[in-house]
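The values are calculated or read from the model by the stated rules, or taken from the named source; none is laboratory data. Small disclaimer: the values here were computed from a predicted structure and weren't measured. Cβ placement follows ideal geometry from the backbone for every residue including glycine, while neighbour counts extend to all protein chains displayed. In case anyone asks, the SASA skips ligands and DNA or RNA and just uses the protein heavy atoms, side chains included. Shrake-Rupley method; radii C 1.70, N 1.55, O 1.52, S 1.80 Å.
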Amino acid sequence: MEAGGVADSLLSGACVLFTLAMYSTGLSDLRQMRMTRSVDSVQFLPFLTTDINNLSWMSYGALKGDGTLIFVNATGAVLQTLYILVYLHYCPRKAKIIQTRSTRRLSFPLTIATLLTSASWTLYGFRLGDPYIMVPNLPGILTSFIRLWLFWKYSQEQDRNYPLLQT
């Protein structure tokens, strides 16, 4: 196998691994919703946008004939749909919007997983010379860095402690 082929296989594997790990971060939210029988500490929007994103990328993977894109996004679509159904099951009728300077409603594992996933897919798209894979993942990198900055800025919060981000 050529060096480029090995690198491509390793990068494809990293994309699959990081993406599946990112999707699995929702399992902790799922467990939290089932234990508390509420959605108070869980955000709905990431589930919805990721599900729509998965369906779009799965379609693109099918058009391109890329098994990596099809596999990870089919898996993601199933998991995100499950998360959405559980969320809707425990969701109260009225949503409350509270403006705080708190990272309590942000998921640190999801932030790290999104950064790794977006970066690996950007590299995968760059390696294939495919801007349709590379460019859409750049916002994931940017928003992950913004969320990491928020965790750093509001890291003194009592209910969450991220020692790696404290100076």
Summing -39500 (n - 2.57) over every DSSP H run of at least 4 residues in the chain and dividing by its residue count gives a helix-only mean residue ellipticity at 222 nm, to the nearest 500 deg cm²/dmol, of -25000 deg cm²/dmol
Kirkwood hydrodynamic radius (C-alpha pairs) into Stokes-Einstein, the range 1-58, 37 °C and 0.692 mPa s, D in µm²/s
239 µm²/s
Give me the percent of accessible area attributable to carbon and sulfur for the range 1-90, probe 1.4 angstrom.
66 percent
Expressed in angstrom and ordered largest first, the alpha-carbon extents of the range 35-93 along the principal axes are 42, 17, 14
In units of 2.2 N^0.38 Å, the Cα radius of gyration of the chain is 1.13
Please compute the per residue accessible area over the chain with all protein chains in place, 1.4 Å probe, rounded to a whole number of Å².
63 Å²
May I ask for the angle, rounded to the nearest 10°, between helix 131-153 and the longest principal axis of the chain, with both axes built from Cα atoms and the value confined to 0 to 90°?
30 degrees
Points 7 angstrom from Cα along the Cβ direction at residue 55 and residue 17: gap in nanometres?
3.2 nm
